[in-house]
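Notes follow once the structure below has been shown.
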Amino acid sequence: MNRFDQVAGEWDADPQKVERAQAVAAAIRARLPRGRALRGLEYGAGTGLLGLALADAFAHLTLADVSDGMLAVAREKIAAAGLAHVEARRLDLLADPLPKERWDVVFSLMALHHIPDTAAILRRWQAALTPGGMLFVCDLDQEDGSFHRYAFHGHRGFDREALAGLAEEAGFRQIDFATPYVIRRGDRAYPLFLLRAVKSG
């Protein structure tokens with residue numbers, strides 16, 4: 001059982017995580033394409049706080065994660081809400097074969113800094129999108145390593161310009177950034193960026 005399996009049952013009890021998801025959902029919703037049925041994939045969805053806040057924007061929505069504990073909570077929430085067009089699925093795009101289906105929108109919240117190979121996951125997200133599909137990635141701006149209060153071996157946030165370069169190399173264009181939320185802990189502030197990019201072709 002990994003750390004996320006252990007904390008899954010209490011994840012939604014943190015009001016800041018709920019507030020964060022709502023703020024990011026509003027920022028993504030404002031940037032979604034209009035006028036057509038969309039298929040969405042949230043990668044690293046956890047308990048579905050972000051994805052379920054956007055569920056009504058999609059004709060079909062897949063919540064993907066590698067934590068069985070998180071997925072179990074997400075499935076309970078989907079069932080309780082009666083959302084027949086939403087599914088929760090175990091998926092690791094860096095280890096599993098690329099699914100046959102393609103999505104119009106791929107989005108993630110606070111997942112990228114846990115993924116060792118940033119360039120590789122950007123390429124896989126690009127491959128999972130339909131032509132002209134949109135990617136939304138919300139994560140930490142570059143920080144000094146103080147954000148995680150436990151032994152952490154992932155990324156200490158990201159430099160926006162460097163991340164934009166990696167996204168362009170992965171086959172994205174029309175790359176821009178917003179700041180939808182700032183995590184505050186005492187006198188420390190950790191801004192979150194929202195990258196939006198469009199698949200080339």
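Before moving on, here are some points about what is shown:
- Point-charge dipole on Cβ atoms (K/R +1, D/E -1) for region 71-175, about Cα centre, debye to 20: 400 debye
- The residues packed around Ala8, meaning those with a beta-carbon under 13 Å from its beta-carbon, carry a net charge of -3 if Lys and Arg are +1 and Asp and Glu are -1.
- Projecting the Cα positions of Gly69, Ala79, Ala45 onto the charge dipole of the chain (unit charges on Cβ atoms of Lys, Arg, Asp and Glu, taken about the Cα centre) puts Ala79 furthest along the positive direction.
- Estimated from helical segments only, the mean residue ellipticity of the chain at 222 nm is -9000 deg cm²/dmol, where each DSSP H run of four or more residues counts as -39500 (n - 2.57).
- Solvent-accessible surface of region 24-128, taken per residue with a 1.4 Å probe and all protein chains present: 39 Å².
- Simple point charges give the picture: +1 on the Cβ of Lys and Arg, -1 on the Cβ of Asp and Glu, and for the chain a dipole about the Cα centre of about 520 debye.
- For Leu38, the residues whose modelled amide H falls within less than 5 Å of its own, excluding neighbours fewer than 5 places apart on the same chain, are Ala59, His60.
- Residue-wise HN-Hα couplings along region 45-53, as the Karplus relation 6.51 cos²θ - 1.76 cosθ + 1.60 with θ = phi - 60° gives them from phi, are 6, x, 7, x, 4, 6, x, 6, 6 Hz; Gly and Pro carry x.
- Carbon/sulfur fraction of accessible area - region 29-170, other protein chains in place, 1.4 Å, %: 51 percent
- Filtered trypsin sites (Lys or Arg not before Pro), region 81-113: DSSP coil and at most 13 other beta carbons within 10 Å: Lys100
The values are calculated or read from the model by the stated rules, or taken from the named source; none is laboratory data. Model, not experiment: these values are computed from the prediction. All Cβ positions, glycine included, derive from the backbone under ideal geometry; neighbour counts span all protein chains shown. The accessibility values were calculated without ligands, DNA or RNA, using every heavy atom of the protein model including side chains. Shrake-Rupley method; radii C 1.70, N 1.55, O 1.52, S 1.80 Å.
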